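The values are calculated or read from the model by the stated rules, or taken from the named source; none is laboratory data. Predicted model, so just to flag it, every value in this text is computed and none were measured. All Cβ positions, even for glycine, are placed from backbone atoms using ideal geometry, and neighbour counts span all protein chains on display.
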Amino acid sequence: MGKLRTYQMYKSFQVSARLGKLNAETLRKAVPRFWTRLSEGDEDFARELAQVILLSHFDLIGAVLEFLEIPNTNGFFAKDLDASKYLTPGWQQRVYEKFHGAFPEPALLLYINHLGWELDKSAAYFAKPGEQGFDRRPRLPSSSVGLNSVLQNGRIGAY
């Protein structure tokens, strides 16, 4: 919860998640409601939930951005960044191979798909090798394998 406060997301997520109190217990209890909102297509909530989950894995974000040589400031890149020269064909697979085992797989998959959604509009939805991916962008930008897995486990923070 400390990172949420540091990056000024605590209060906005508490409101967005419709929680009177924000802690591990209330988050676990809210997971069924989160699923409902995601399945109803609440894209704003999906985006904010993904950001909260990714904030708890900030070391992963920095490592991936550095590996791809994407210019960033402490894990944040410019919103108008043209990342085409950094996200060359096969970038998702390369990131997965490099960081699989070093970071929790659900968080890694979530970030790969989130980064594709943010910077590579032509990227297909990435699923871990051996699983079916999608030929088109997912309807919800953060309804990736990683977000699904995190919610199934009922865990938002560290694994």
- When every residue in the range 15-44 that is surrounded by fewer than 16 Cβ atoms within 10 Å (Cβ to Cβ) and among the acidic types (Asp, Glu) is compared, the one farthest from SER56 (Cα to Cα) is GLU40
- Message: Under 7 Å between Cβ atoms, which residue pairs at least 6 apart in sequence (or on different chains) link something in the range 63-88 that is closer than 19 Å to HIS100 by Cα with a partner that is of a type in the set (S, T, N, Q)?
- Response: LEU65/ASN72
- Item | Qualifying position, being touching a His at 6+ places or on another chain (Cβ under 8 Å), closer than 12 Å to ILE112 by Cβ, of a type in the set (A, V, I, L, M, F, W, C) and surrounded by 14 or more Cβ atoms within 10 Å (Cβ to Cβ), among LEU68, LEU87, LEU54 | LEU54
- Give the number of residues within the range 27-62 that are of a type in the set (Lys, Arg) and free of Cβ contacts under 8 Å to residues at least 24 places away in the same chain. 3
- Answer with yes or no whether GLY41 is at pLDDT below 85, over 24 Å from THR73 (Cβ atoms) and either out of contact with any Asp or Glu (no Cβ under 8 Å at 6 or more places or on another chain) or in a loop (DSSP other than H, G, I, E, B) (or both). no
- The number of residues in the range 81-135 that are touching a Pro at 6+ places or on another chain (Cβ under 6 Å) and either in a loop (DSSP other than H, G, I, E, B) or not aromatic (Phe, Trp, Tyr) (or both) is 1
- Message: So VAL150 passes all but one of these: (1) surrounded by fewer than 16 Cβ atoms within 10 Å (Cβ to Cβ); (2) aliphatic (A, V, I, L, M); (3) modelled with pLDDT under 80. Which condition number does it fail?
- Response: (1)
- Scanning the range 96-113 residue by residue, those surrounded by fewer than 22 Cβ atoms within 10 Å (Cβ to Cβ) and either in contact with a helix residue (DSSP H, G or I) (Cβ under 9 Å, 6 or more places away or on another chain) or of a type in the set (Lys, Arg) (or both) turn out to be TYR96, LYS98, PHE99, HIS100, ALA102, PHE103, PRO104, GLU105
